[in-house]
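Presented below is the structure to which this report refers.
The values are calculated or read from the model by the stated rules, or taken from the named source; none is laboratory data. Since this is a predicted model, take the numbers as computed values, not measurements. Positions of Cβ are backbone-derived with ideal geometry, glycine not excepted, and every protein chain shown enters the neighbour counts. Surface areas here come from the heavy atoms of the whole protein model, side chains and all, with no ligands, DNA or RNA. Shrake-Rupley method; radii C 1.70, N 1.55, O 1.52, S 1.80 Å.
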Amino acid sequence: MIAVETTVQALLQAAGLVPSPEELAGLVAGYPAHRAALDALYAVPMDKEEEPQTVFSPLP
Amino acid sequence: MSTTTAVTAEPFSLAGDGLPLTISMAAEALRSGSLTSVELVQKTIARADRLDTALGTYLARTDQTALEAAARADAELAAGHDRGPLHGIPLGIKDIIATDEAPTTAQSLILDPAFGEKGDAVVIRRLKAAGVVITGKTTTMEYATGCPDPDKPFPIPRNPFNLDAWPGGSSSGTGSGVAAGLFLGGLGTDTGGSVRMPAAWCGISGLKQTFGRVPKSGCVPLGFSYDHIGPMTRSARDCAAMLQVMAGHDESDACSVDVPVDDYLGALTGSVEGLRVGVDVSVFDHPGLDPDTAALLRSAVDVFTALGATVVETVLPWQEELTTAVLASSAEALAYHRGDLRTRWEDYGASTRMAIGRAALTTAADFVQAQRVRRVGVKAMAELFSTVDVVLTPTCYTDAPDLATLDWATMFRMINTPYWNAVGNPAISVPMGLTGKGLPVGLQIAGRPFDETTVLRAADAFQQRTGHHLQESPVVLKELSA
């Protein structure tokens, strides 16, 4: 099991963001709720092939 | 708590400075000859001289160019060249929308000054063609997100009804400025409620029209697929007058939708007879709903019943999930800001950098899933609005928070607005009375996509019956009488 702090640090590092230790602690503390809210999006019933609401257009 | 309101029977402020309270009232005065645009703008400038330092409404005032524009409007009106109901009317513009009159800063140390050098945003060009007078650029949360940061060199916006309270945001200055009469209308932007929240907490009206109805090119982006530029005024009628000018397709905005523009002012019949009004009763179980706001909402529903509407109970589907889908907009913001956040983290406000930087914890799949959930929401709205014509909710669950205790996460739990950014439907906030603390709260009225006429008709009918939108701030009246 990867610690939440490790996950958060890795994601921030991948984005190149360097918050202060206090800010990092806040992000770590808030991450479980953040992740749970995002995970809940996958529980919404929908067609397996449902498209995203934003659609690509080849026209400029 | 006040469910009825004592308002002036005259079309001018109780402050005694002869300022019309609404755009409609001012337009009438300009055409009757009882007021000129120059006199009108001078009155708003005089108010700004007295109140702006306390309210933190402006980032930049453009007094001289405003007076010049007002003089042009007077000359045109005198010559019989009438550009319509906004001709000669002073407006404040949120400082993330480009105007020729003043730089655009997004209230940030970050934004490249070259952004504002591209000239007027499309909506500004349209408003100028309608003869408006721009009085200045108004305060915002940095890049339209986060909370005020006292460590940065910008004004702290304050609520006209209580200077210790926040006016809401991110369109803070436009909200406080309309409420205090520093201008009669203005522009805000709304990605998760940034027009409607300050409208509710400043006791004015604010419209987030359907996504794509008004081109947003020339506005600093926050969430590309969630952003709206919307009108903020005292009355729904005035929002209709502004939308009439602002609406319409423009190729410069990839999100702009090419649909006909309706006759918004012509739709304001004052009647909601037979209109099917849904009330989202789930809000009464919301743990954050304060008793005063709940009582004011019930009184507002009673008004619609008295007006002959058919009121039905309903529940908005997927509320938590669609709100989360709006939080995913920070991923769009991070795409825009990542380079600057990597190199200039400390130059951002503390709350802003955290609000945007948090998106690094959202994966690409999460973001796409949020857009799929939005599609589910759009389909659910089609079903809901086959049974009702509009839906009522409180705009926010409470009145305005104290500035001293304000933080972004707490604020986000107080608002009931992001839902409509997720699905894109139009929603307006109109005042529905004062809480026991003497602070305004808003009634949110939402409707079908591109059916702003019904939303505005319902809001206008409510205001014709209640008059809450004419409530003036005792703080402002006291200062002006001193």
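In the range B:220-270, what residues are open to solvent by 50 Å² or more (accessible area, probe 1.4 Å) and of a type in the set (Phe, Trp, Tyr)?
Scanning the range B:220-270 gives a single hit, B:Phe224.
Take the range A:11-29 and flag every residue that is in a loop (DSSP other than H, G, I, E, B) and either touching a residue at least 60 places away in the same chain (Cβ under 8 Å) or more than 7 Å from every other protein chain (Cβ to nearest Cβ) (or both).
A:Ser20
Identify all residues within the range A:30-46 that are open to solvent by 80 Å² or more (accessible area, probe 1.4 Å) and more than 9 Å from every other protein chain (Cβ to nearest Cβ); write none if there are none.
none
Pick from the range B:116-145 the residues that are small (Gly, Ala, Ser) and within 17 Å of the chain's Cα centre (by Cα): which of them is farthest from B:Ala355 (Cα to Cα)?
Looking at the filtered set, the residue picked out is B:Gly136.
So, in the range B:277-293, of the ones that are under 16 Å from B:Arg413 (Cβ atoms) and among the aliphatic types (A, V, I, L, M), which residue ends up surrounded by the most Cβ atoms within 10 Å (Cβ to Cβ)?
B:Val283
Out of A:Thr54, A:Thr6, I need the residue that is open to solvent by 70 Å² or more (accessible area, probe 1.4 Å) and either touching a helix residue (DSSP H, G or I) at 6+ places or on another chain (Cβ under 7 Å) or closer than 28 Å to B:Arg353 by Cβ (or both). Which one?
A:Thr6
When both residues are 6+ apart or on different chains and their Cβ atoms are under 9 Å apart, which pairs have a first residue that lies in the range B:317-329 and is at negative phi, and a second that is assigned to a helix (DSSP H, G or I) and at pLDDT below 95?
Qualifying pairs under 9 Å: B:Thr323/B:Phe412; B:Leu327/B:Phe412.
Quickly run through the range B:335-392 and pick out the residues that are part of a helix (DSSP H, G or I), more than 7 Å from chain A (Cβ to nearest Cβ) and of a type in the set (A, V, I, L, M, F, W, C).
B:Ala335, B:Ala350, B:Ala355, B:Ile356, B:Ala359, B:Ala364, B:Ala365, B:Phe367, B:Ala380, B:Met381, B:Ala382, B:Leu384
Of everything in the range B:317-334, what is open to solvent by 30 Å² or more (accessible area, probe 1.4 Å) and facing chain A (nearest Cβ under 9 Å)? Give them in sequence order.
Listed by number, the residues that qualify are B:Trp318, B:Glu320, B:Glu321, B:Thr323, B:Leu327.
Quick check on B:Asp280: is it in contact with a Ser or Thr (Cβ under 6 Å, 6 or more places away or on another chain) and within 25 Å of B:Ala382 (Cα to Cα)?
Yes: the conditions hold for B:Asp280.
Here are some residues: A:Val55, A:Val4, A:Val8. Which one is of a type outside the set (D, E, K, R), more than 7 Å from every other protein chain (Cβ to nearest Cβ) and in contact with a Phe, Trp or Tyr (Cβ under 6 Å, 6 or more places away or on another chain)? Don't jump to the end; show me each part of the working.
On the way: A:Val55 fails: in contact with a Phe, Trp or Tyr (Cβ under 6 Å, 6 or more places away or on another chain); A:Val8 fails: more than 7 Å from every other protein chain (Cβ to nearest Cβ).
That would be A:Val4, the only listed residue that is of a type outside the set (D, E, K, R), more than 7 Å from every other protein chain (Cβ to nearest Cβ) and in contact with a Phe, Trp or Tyr (Cβ under 6 Å, 6 or more places away or on another chain).
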